[in-house]
1. Here are some conditions: (1) among the aromatic types (Phe, Trp, Tyr); (2) away from chain B (no Cβ under 14 Å); (3) surrounded by 16 or more Cβ atoms within 10 Å (Cβ to Cβ). Residue A:20 meets all but one. Which one does it not meet?
2. Within the range A:53-65, identify whether any single residue is modelled with pLDDT of 85 or more and under 12 Å from the mean Cα position of the chain (by Cα), and answer yes or no.
3. How many residues does the range A:29-60 contain that are more than 11 Å from chain B (Cβ to nearest Cβ) and out of contact with any Ser or Thr (no Cβ under 8 Å at 6 or more places or on another chain)?
4. Can you run down the residue pairs with Cβ atoms below 9 Å, 6 or more apart or on separate chains, where the first is in the range B:145-160 and over 11 Å from residue B:116 (Cα atoms) and the partner is loosely packed, with under 12 Cβ neighbours inside 10 Å and of a type in the set (A, V, I, L, M)?
5. Residues that are basic (Lys, Arg), part of a helix (DSSP H, G or I) and surrounded by fewer than 14 Cβ atoms within 10 Å (Cβ to Cβ): does the range B:218-235 have at least one?
6. Just name the residue that is surrounded by the most Cβ atoms within 10 Å (Cβ to Cβ) out of those in the range A:1-17 that are of a type in the set (D, E, K, R) and within 12 Å of chain B (Cβ to nearest Cβ).
7. Restricting to the range B:28-42, count the residues that are assigned to a helix (DSSP H, G or I), within 12 Å of residue A:42 (Cα to Cα) and within 11 Å of another protein chain (Cβ to nearest Cβ).
8. Could you list, in sequence order, all residues of the range A:68-102 that are touching a residue at least 40 places away in the same chain (Cβ under 8 Å) and either of a type in the set (Gly, Ala, Ser) or within 19 Å of residue A:19 (Cα to Cα) (or both)?
Amino acid sequence: MRKGVLEFCILSLLAEKEAYPSDIITQLKEAKLIVVEGTLYPLLTRLKNAGLLAYRWEESSSGPPRKYYKLTETGLLFLKELDKTWNELSNAVSHTTKTKNR
Amino acid sequence: MNKTLSVNIGGYIFNIEEDAYTQLRNYLDSISSYFAGQEGSDEIISDIEARIAELFNERLGSDRQVVIHDDVEQVIIIMGKPEQYAEAEEDTQTSSKSKSNDNRRFYRDLDNSTLGGVCSGFSHHLGWDPLILRALFVLLLFTSIGIPLYIILWILIPAAATTAEKLKMKGQKINVENISKKINEEMDNVKSKFSSDGKTEGSQSVNKLIAGLGEFFSFIASFLRVALGVLFLMLGIGMLIGFVIAIGGFSSGIPGNPELSIRFLEDYIFFNPHMLSLAIIAAILLLVAPFLYFIYLGVRLLLRIQPPVKGVGIILLGMFILGSILASIAAINQAKEFNSEERIAIRRPQTEFASDTLIIRVAEDHLWHNQISIHRLDPWERLKIIDDEMLFADPRFKVRPSDSELFVFEIDYESSGASTTAALDFAEEITYNYELDGNTLTLDPFYSVPRERKYRDQEVALTVRVPEGKMVILDESTQRLASGDYNWLGLKLREIPGKTFMNVDGEIICSNCEEKEEEIAD
């Protein structure tokens with residue numbers, strides 16, 4: 001469950017602007033969606049291999065060159081689908097829990 | 001002062017202390033073995049390395065030059081260990097289970113083997129308990145394919161020898177954590193095995209030879225163990241099944257021999273119904289205990305249950321002893337009924353008559369089909385139950401000289417009993433029929449007692465007394481009485497029928513046995 005959500009969040013973050021892993025990690029850590037950074041790299045690679053993400057290299061002043069990730073066309077379409085599914089799911093969940101509380 | 005090494009991480013050169021390096025090396029190894037086989041693993045690892053380089057850079061700043069132990073530790077905490085990734089990826093793992101199963105390999109598990117580790121190897125693959133597979137395999141043994149199939153699998157499937165293979169067998173990831181865990185486990189095993197003698201010296205080849213011999217003998221030993229186990233198990237189960245069938249048959253009557261049943265025992269032998277129950281319980285305890293013990297031994301051998309299961313032996317022994325005690329009680333109680341000291345014989349002279357010759361024949365008998373019995377029939381064959389009567393075949397028969405001028409026919413009725421009076425009662429209840437027509441005495445080949453009187457070893461002995469100078473002719477039909485008492489003439493039993501006997505000077509002599517006697521004299 002959580003795994004899919006994590007991918008959804010990554011895609012959403014990258015939809016706004018392109019970012020490099022450290023940025024993504026910071027935001028995910030704030031949201032407490034991620035505990036260790038190592039989790040992110042295999043995810044990014046998988047999403048990239050699925051054709052949802054693309055990256056470019058950028059020289060960094062403080063260290064090695066960085067990979068900046070952004071959404072591809074497919075990624076964008078996929079994200080829209082995910083958005084829809086997510087809304088349906090969250091509506092269903094909030095509806096159910098409200099009914100239950102009543 | 002510490003030794004430092006210079007390493008290239010993510011394209012950057014770092015000076016790193018030796019112990020910190022070892023730790024980092026281990027960490028990266030565990031990560032790469034974790035991602036090994038996964039798509040894009042190289043890329044993931046280089047990404048991670050780049051990030052580690054970045055983190056080192058941040059930590060070192062401008063005032064420090066060397067990466068120390070503490071830095072590596074912090075970085076590992078930030079990046080996380082492989083098992084922490086696994087937690088986050090649990091869902092993907094389950095959703096793509098078939099994929100992760102592909103990493104699982106078939107190996108024979110020698111660490112948990114009964115024979116060759118085929119079943120335990122399968123159990124890792126299927127995620128079943130090896131016990132289930134072994135039970136299935138034992139069932140397969142009853143078919144013709146069982147043993148060849150096992151041998152083929154044994155040959156085809158490699159044994160899990162290395163730690164990596166053992167992990168693959170169990171479908172576990174091959175990473176540093178698992179490997180070191182596994183190795184520790186094995187070290188403990190080895191330690192406990194060799195705690196008594198820790199000798200490991202000796203040349204390599206000798207060691208190899210010893211190892212080879214050891215393997216050979218351990219194979220022979222486990223083969224014997226399994227063979228014995230299966231034998232015991234089958235023996236125990238077979239006997240148990242046989243016993244249950246026998247009990248079933250016994251309670252309903254054995255086909256062709258309906259007398260032999262519990263009802264028979266109840267009706268004709270046991271006076272006291274409690275004694276019958278006691279005897280049956282005793283029989284069950286006495287017989288079932290050893291069968292169960294066989295099964296228990298078989299299971300123990302097959303599953304290598306090393307220390308005996310507590311209580312099993314005691315319980316079975318207890319069953320056996322209890323059975324013996326109950327059997328003794330029933331036997332003693334029953335033996336009283338057949339007390340030989342209380343055996344009673346009543347003699348009843350039947351008839352006296354004057355004649356020169358007496359012909360003795362035996363009536364036709366449909367119950368025993370005129371069976372010729374040179375030797376006494378065994379007790380079960382002698383006994384038949386018809387309606388309300390219990391019939392005994394083979395009355396005893398003898399010829400004796402008579403004191404008077406007349407033929408005398410006597411019947412002795414005998415019986416055992418718990419007391420003299422009881423025995424007397426039994427003896428009086430015996431019925432024996434015969435017919436005297438002219439000078440022909442026709443004897444029944446059996447006698448009877450009322451059914452409810454039960455079997456107390458009742459006997460009938462017939463005596464014909466021959467007066468001086470008179471003779472008795474034994475018809476061929478007296479074969480049926482061949483089991484009678486002929487010892488008085490020193491003749492063989494089968495020679496008696498058809499012979500004539502005379503009383504000469506108060507002694508019974510066979511008058512047409514001369515040929516025989518001559519033959520013997522020759």
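The values are calculated or read from the model by the stated rules, or taken from the named source; none is laboratory data. Given the structure is predicted, the values throughout are model-derived calculations rather than measurements. Methodologically, a virtual Cβ is constructed for each residue, glycine included, from the backbone with ideal geometry; neighbour enumeration extends over all protein chains shown.
1. The failed condition is (2).
2. Yes, some residue in the range A:53-65 is modelled with pLDDT of 85 or more and under 12 Å from the mean Cα position of the chain (by Cα).
3. 6
4. Hits for this filter: B:146/B:139.
5. Within the range B:218-235, not a single residue is basic (Lys, Arg), part of a helix (DSSP H, G or I) and surrounded by fewer than 14 Cβ atoms within 10 Å (Cβ to Cβ).
6. Among those that are of a type in the set (D, E, K, R) and within 12 Å of chain B (Cβ to nearest Cβ), it is A:7.
7. Of the residues in that region, 5 qualify.
8. Once the filter is applied, which keeps residues that are touching a residue at least 40 places away in the same chain (Cβ under 8 Å) and either of a type in the set (Gly, Ala, Ser) or within 19 Å of residue A:19 (Cα to Cα) (or both), the range A:68-102 yields A:68, A:69, A:70, A:71, A:75, A:76, A:78, A:79.
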